[in-house]
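The values are calculated or read from the model by the stated rules, or taken from the named source; none is laboratory data. Not measured: the values here are computed from a predicted model. Glycine also receives a Cβ, built like all others from the backbone with ideal geometry; neighbour counts cover every protein chain displayed. These area figures cover heavy atoms from the full protein model, side chains too; ligands, DNA and RNA do not enter into them. Shrake-Rupley method; radii C 1.70, N 1.55, O 1.52, S 1.80 Å.
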Amino acid sequence: MATDYGGNWEPEMDYTGHQWFTNLPPKAKTPPPAPSPKPTYVPEPIIVERNAVFMYALKSAPDVLADQYKAFGQLGVLGWCSEFSELIDELKEFGSHGHMFTDTRDQALETCAELLHVLVTDMDVKMQIIVMFLSFQVQRLRKFLDASTEFDDYPQPNFPIHFMQR
C-alpha cells in the first residue's frame, strides 16, 4: 500500500511483528494534594462600617415608620415607603457584591416582619394603595434575601365594595 504525504507517494511502513506497549514507563506515584487551608476572610473596614449603618437603619425602621404615621398620617407612611425603597435598593446592590453579613441579612428579615406587624396593629391605614405599596417593598426585600421561603404575614387588602341593590 502507498500513502500520500504532501503529494509524495511513499510506501507504507510494515509493522508486523512489532510489539506495541511493551516498554511502558513506570507509573509515578503522586502524593494526594495537601488540602490548602482556606484563607480567613477579613472584610475591609468600609464593609464593616457599611454593614453597621445598614443594621442601624434596619433596627430603627419600624420606629421611624410609626413616627412618620403619628406625624403625618397615611401620607407619612407613603413617604416613608419611598425612603425604604431606596434603602432596599442600596441593600440589594451591597448584597449582590457579596458584602452583606449574615447578621445584616437576619436583621433585614426581622425588620420586614416587624414592619408588617406595625402596619397591621399600630396603624389605621385606610388607603389600600399604601398598604399594598408597603407590602410590595417588604416583599421585594424578602425575595432578595430569602427567595425560597414563602411568607404569609402580609395584610389582606380591604377594599370597600358596595353593591347597589336593584
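Here the accessible area of the chain is 58 percent carbon and sulfur, with a 1.4 angstrom probe and all protein chains present. Calculation over all alpha carbon pairs of the chain in 5 angstrom steps from 0 returns a P(r) of 1, 7, 12, 13, 11, 8, 6, 4, 3, 3, 3, 3, 3, 4, 4, 4, 4, 3, 2, 1, 0, 0 percent. You can think of it this way: the chain between residue 150 and residue 121 has 8.3 nm of extra reach, that is 0.36 nm per residue less the Cα-Cα gap. The GluC sites (Glu not before Pro) of the stretch 1-104 that meet both conditions, a loop assignment by DSSP and at most 10 other Cβ atoms within 10 Å of the site Cβ, are 12.
Take every Cα pair under 8 Å whose residues are at least 6 apart in sequence, average their separation, divide by the length of the stretch 35-128, and the relative contact order is 41 percent. Excluding ligands, DNA and RNA, the accessible surface per residue across the chain is 77 Å² with a 1.4 Å probe.
Peptides 56-65, 33-42, 116-125 ranked from most to least packed give 56-65, 116-125, 33-42, packing being the mean of other C-beta atoms within 10 angstrom over each peptide's residues. Fully extending the segment from residue 110 to residue 41 would add 22.3 nm, taking 0.36 nm per residue of separation and subtracting the current Cα-Cα distance. Structure remark: mean-square fluctuation, Gaussian network model of the chain, C-alpha springs under 10 Å; the largest value among 74, 107, 19 belongs to 19.
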